[in-house]
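Engineer: Below you will find the structure I want to go over with you.
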Amino acid sequence: MTLLRPISSDPIAIRQALERGWATFASCPWVLMGFTLVVGGINLLSQVLYRYESDRFIGLFGRVDGLAVALAGAAWLAYALSSLWLVVGLMRGAQMALGRQTPRFSDLARLDGRAMARCFGTLVLILALNALIVRLAQASAFLLTLIQPWLAPLPLVAGVAVAVYLAADQILCLPLTLMGKLTPLGAFRSGRAAVDPHWLHALGLTLVVLLILLAGFLVLLVGLVAALPITICTLAAAYEQLFELPDLNRPRPT
């Protein structure tokens, strides 16, 4: 399994990552926001279509509407693919800007099936681990309820703590997958090896990133058009602190 060794043993400098991420975003804001607006619009329309068609599964006379099911499936697939396309494109744009290249819209919009597949695998791995944590916490709480009901909340609290640990521990999983070109398991192990010694700094960066996204949600879609690229640029800048920034013109050997 391929792993990336960090070039620095220092913790993530949160302020430096924010400043570097903002400077990266500010070097090409219209390209990043334009791409986010276009692909994000496709993503939003896919969600709307899925919800509309899913309400029409049962047609007249109680029969299943095959056309509604097909359209809902197509909408869900478009939603998933556009989400991956958005993340991969923004990360590529951030990487180019960090490398002092000027990204164009066509650079971000270029489809990369392998990168999207790796991104999908990494997201599935993280979601599966969180689902496992939730199930174990629920099962433990149920068993403790049968023994000592007042102990039932303890596994749930422990599950939340483990989920928070995992979220901060894997804050660099997407940059490692897309910029480092690692497999999902390789990104997981590389991120854990680099972040674990300075986990509190990673937790701080995680909270900052969540605050940026929350601020974007509060301003609705207009805010997310800027908040999402800024978040991706910040994560790319944090990756640059710990790992060597790859050259886009020279693929890293596998």
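Engineer: So, by mean Cβ neighbours within 10 angstrom, what's the order for 155-164, 33-42 with the highest one leading?
Structural biologist: Going by the mean number of other Cβ atoms within 10 Å, highest first, we get 33-42, 155-164.
Engineer: Need one number: nm distance between label points at ALA161 and LEU211, each 7 Å from Cα along Cα→Cβ, rounded to one decimal.
Structural biologist: 2.5
Engineer: Which three numbers, in whole Å and largest first, are the semi-axes of the equivalent ellipsoid of segment 35-139 derived from its Cα gyration tensor as √(5λ)?
Structural biologist: 32, 22, 10
Engineer: Subtract the Cα-Cα distance of SER9 and LEU44 from 0.36 nm times their separation in residues, and report this length gain in nm to one decimal.
Structural biologist: 8.5 nm
Engineer: Net charge near ALA13, counting Lys/Arg +1 and Asp/Glu -1 over other residues with Cβ under 13 Å of its Cβ?
Structural biologist: Combined, the nearby Lys, Arg, Asp and Glu give -1.
Engineer: Name the shape class, rounded, prolate or oblate, that the alpha-carbon gyration tensor gives for segment 68-119, where a ≥ b ≥ c are the square roots of its eigenvalues, rounded holds for a/c under 1.5, and otherwise prolate holds if a/b is larger than b/c and oblate otherwise.
Structural biologist: prolate
Engineer: Got a sec to turn the phi values of segment 32-43 into Karplus ³J(HN,Hα) couplings, 6.51 cos²θ - 1.76 cosθ + 1.60 with θ = phi - 60°, whole Hz, x for Gly and Pro?
Structural biologist: 5, 6, x, 5, 4, 5, 5, 6, x, x, 4, 4
Engineer: What would the Debye equation give as log₁₀ I(q)/I(0) for segment 120-254 at q = 0.11, 0.14, 0.17 Å⁻¹, counting only Cα atoms as equal point scatterers?
Structural biologist: Treating every Cα as an identical point scatterer, log10 I(q)/I(0) equals -0.51, -0.76, -1.00.
Engineer: Would you look at the GNM of the chain, springs on alpha carbons closer than 10 Å, and say which of LEU205, LEU108, LEU214 moves the most?
Structural biologist: The residue with the greatest mean-square fluctuation here is LEU214.
Engineer: Continuing with this model, one more query. Could you give me the percent of Cα pairs per 10 Å distance bin for segment 14-242, shortest bin first, beginning at zero and ending with the bin that holds the maximum distance?
Structural biologist: The percentages, shortest bin first, are 8, 26, 31, 21, 11, 3, 0.
Engineer: Quick one: if the Förster radius is 22 Å, what FRET efficiency do ARG104 and TRP22 give, using the C-beta to C-beta distance and rounding to 0.05?
Structural biologist: 0.55
Engineer: Let me ask something else about it. GNM, the chain, Cα, under 10 Å: largest mean-square fluctuation among LEU176, LEU185, LEU132?
Structural biologist: Its mean-square fluctuation being the largest, the pick is LEU132.
Engineer: Could you please report the charge total around THR177, scoring K, R as +1 and D, E as -1 over all other residues with beta-carbon less than 11 angstrom from its beta-carbon?
Structural biologist: Local net charge: +3.
Engineer: Could you work out [θ]222 nm for the chain from helices alone, using -39500 (n - 2.57) per DSSP H run of at least four and dividing by all its residues? Round to the nearest 500 deg cm²/dmol.
Structural biologist: Helix-only estimate at 222 nm: -25500 deg cm²/dmol.
Engineer: Relative to the Cα centre, what is the charge dipole magnitude of the chain, using +1 at the beta carbon of each Lys and Arg, -1 at the beta carbon of each Asp and Glu, and rounding to the nearest 20 debye?
Structural biologist: Here the chain has a charge dipole of around 400 debye.
Engineer: Round to a whole angstrom and tell me the spacing of the C-alpha centers of segment 13-31 and segment 95-113.
Structural biologist: Result: 15 Å between the Cα centres.
Engineer: On to the next question. With the chain treated as a Gaussian network of Cα nodes joined by springs under 10 Å, which of LEU71, LEU32, LEU123 yields the largest mean-square fluctuation?
Structural biologist: Ranking LEU71, LEU32, LEU123 by mean-square fluctuation puts LEU71 first.
Engineer: Moving on. Rank by packing, highest mean first: peptides 207-213, 18-24, with packing defined as the count of other Cβ atoms within 10 Å averaged across residues.
Structural biologist: Most protected by this proxy first, the peptides run 18-24, 207-213.
Throughout, read-outs are computed from the coordinates displayed, never taken from laboratory work. Since this is a predicted model, take the numbers as computed values, not measurements. Glycine also receives a Cβ, built like all others from the backbone with ideal geometry; neighbour counts cover every protein chain displayed.
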